[in-house]
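Peer 1: A single structure is presented below for examination.
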Amino acid sequence: MNGNATALSDVLVPGVLGNFEMAPAGLVEARALQQRVDRKYLLATNGLEALITRLCPDYCLLRAGQQVWARYESIYFDTLDRALFHAHRRGLRPRFKVRVRHHLDRELTFLEVKRKERSGRTVKYRLALPFSQAELGPREHTFIEAHALLDAECLLPRLSISFRRLTLLGRDINERVTIDRDFMVKAGSHSEQLDRLVIAEVKQPRFLNYVGAVAALRSINAIENALSKYCLGTILVAPVRANVFKPAVRAVERLSA
């Protein structure tokens, strides 16, 4: 892991991050946004401090236990021929992502199905699992098939992504902002680290362009791009067709250099 990138992020904890109010329980529930519009932005780690400074007056900080930068690991499931990845590549809707996500600091695990509707909205369904469970059994297959047009028995673990996440909740604006860094992508024996890349995601009830986190991200020239972490990770470690994603991959390479 790149020491400079990690040091920069950690310096923010006693500095700028110390100015945030902690999110009260009622706000956490109010900003769940299980049905939403997701907007993703790419930036380099040296843009983190400017972004977080701009967000501080209008957002509260959500801790994961005692941690500010929470540790996550996601295991993504797809078919042998990566049908879910190719549905994303082709821009099909509705389309789906299926993952098991471990919240390492809180010792929680969920099976998650994300559905991208024809309208562009994202709906997420979650099923609590025993902490650290990574396999899909009959109960999990039933849950997946209840929420996705998939034969769950054809799904295999195809990719894992670990990262650290900062979560901010809008005080008055109905937004949830996640800022992810320190990525490790693995598929079989192949792995890639992305130490200088930051992916910020703004979760909104509808598209709002000139207020809140989107305005802050635009002010620091962050790059808006719809490429998901699953698609990016697959491109990095698997021999897949990805011409449609080339502009996003070039932006990732430029920010990671």
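The values are calculated or read from the model by the stated rules, or taken from the named source; none is laboratory data. Predicted, not measured: the structure shown is a model, and the values here were computed from it. No Cβ is skipped: glycine too gets one built from the backbone with ideal geometry, and neighbour counts run over all protein chains shown. Note: areas computed on protein heavy atoms with side chains; ligands, DNA, RNA excluded. Shrake-Rupley method; radii C 1.70, N 1.55, O 1.52, S 1.80 Å.
Peer 1: What value does the chain have for Rg/Rh, both radii from Cα atoms and Rh as Kirkwood defines it?
Peer 2: Values: Rg = 17.6 Å, Rh = 18.8 Å.
Computed over Cα atoms, the ratio is 0.94.
Peer 1: Taking amide H positions as placed in the peptide plane 1.01 Å from N, state which residues far from residue 158 in sequence (5 or more) or on other chains have amide H under 5 Å from it.
Peer 2: Distant-sequence amide H within range of residue 158: 76, 77, 78.
Peer 1: Note the full-extension length gain between residue 30 and residue 172 as 0.36 nm times their separation in residues minus their Cα-Cα distance, in nm to one decimal.
Peer 2: On the way: separation 142, 0.36 × 142 = 51.12 nm, distance 1.06 nm.
Length gained between residue 30 and residue 172: 50.1 nm.
Peer 1: Report the charge-dipole magnitude of the chain in Debye, nearest 20, computed about the Cα centre from +1 at each Lys and Arg Cβ and -1 at each Asp and Glu Cβ.
Peer 2: Values: 40 positive and 27 negative charges, 179 e Å.
About 860 debye.
Peer 1: If R0 is 51 Å, what FRET efficiency do you get for residue 118 and residue 66 from their C-beta distance, rounded to 0.05?
Peer 2: Efficiency, rounded to the nearest 0.05: 0.75.
Peer 1: Follow-up. Excluding residue 86 itself, what net charge comes from residues whose Cβ is under 10 Å from its Cβ, given Lys and Arg +1 and Asp and Glu -1?
Peer 2: Numbers: positive: 82, 89, 90, 95, 241; negative: 78, 81.
Here the charged neighbours net out to +3.
Peer 1: Something else: State the answer as a single residue: which of 120, 150, 131 lies farthest towards the positive end of the charge dipole of the range 95-241, with beta carbon charges of +1 for Lys and Arg and -1 for Asp and Glu, about the Cα centre.
Peer 2: So the residue furthest toward the plus end is 120.
Peer 1: Take each of the peptides 224-237, 187-200, average the number of other beta-carbon atoms within 10 Å over its residues, and list them starting from the highest.
Peer 2: Values: 224-237: 20.9, 187-200: 17.8.
Going by the mean number of other Cβ atoms within 10 Å, highest first, we get 224-237, 187-200.
Peer 1: Suppose a student asked you for the relative contact order of the chain, using Cα pairs under 8 Å spaced at least 6 residues apart; what percent would you report? Walk me through the intermediate numbers first.
Peer 2: Numbers: 491 pairs, mean separation 66.7, N = 257.
Here the relative contact order equals 26 percent.
Peer 1: Working out 0.36 nm times the residue gap between residue 209 and residue 54, then minus their Cα-Cα distance, what length gain in nm do you get to one decimal?
Peer 2: Values: separation 155, 0.36 × 155 = 55.80 nm, distance 1.57 nm.
Stretched out fully, the residue 209 to residue 54 stretch lengthens by 54.2 nm.
Peer 1: Could you pull out the chymotrypsin sites (Phe, Trp or Tyr not before Pro) across the range 167-222 that fall in loop regions by DSSP (anything but H, G, I, E, B) with no more than 13 other Cβ atoms inside 10 Å? Don't jump to the answer; show the numbers that get you there.
Peer 2: Numbers: sites: 183, 207, 210; in loops: 207, 210.
Passing both the DSSP loop test and the Cβ count: 207, 210.
Peer 1: When ligands, DNA and RNA are left out and all protein chains stay put, how many square angstrom of accessible area per residue does the chain have with a 1.4 Å probe?
Peer 2: On the way: 11940 Å² over 257 residues.
Each residue of the chain exposes 46 Å² on average to a 1.4 Å probe.
Peer 1: I would also like to ask the following. Only sites in a loop by DSSP and with at most 15 other Cβ atoms within 10 Å count here; which chymotrypsin sites (Phe, Trp or Tyr not before Pro) in the range 119-170 make the cut? Intermediate results must be reported in sequence, preceding the final value.
Peer 2: Details: sites: 125, 131, 143, 163; in loops: 131.
Taking the range 119-170 and a limit of 15 other Cβ atoms within 10 Å, the loop chymotrypsin sites (Phe, Trp or Tyr not before Pro) found are 131.
Peer 1: Starting from the Cα-Cα distance between residue 125 and residue 246, subtract it from 0.36 nm times their residue separation and give me the gain in nm to one decimal. Intermediate results must be reported in sequence, preceding the final value.
Peer 2: On the way: separation 121, 0.36 × 121 = 43.56 nm, distance 3.01 nm.
Full extension of this stretch gives 40.5 nm more.
Peer 1: Computing the accessible area with a 1.4 Å probe over protein heavy atoms, can you report the carbon and sulfur percentage for the range 79-159? Mind showing how you got there, number by number?
Peer 2: On the way: 2090 of 4120 Å².
Here carbon and sulfur together make up 51 percent of the probe-accessible area.
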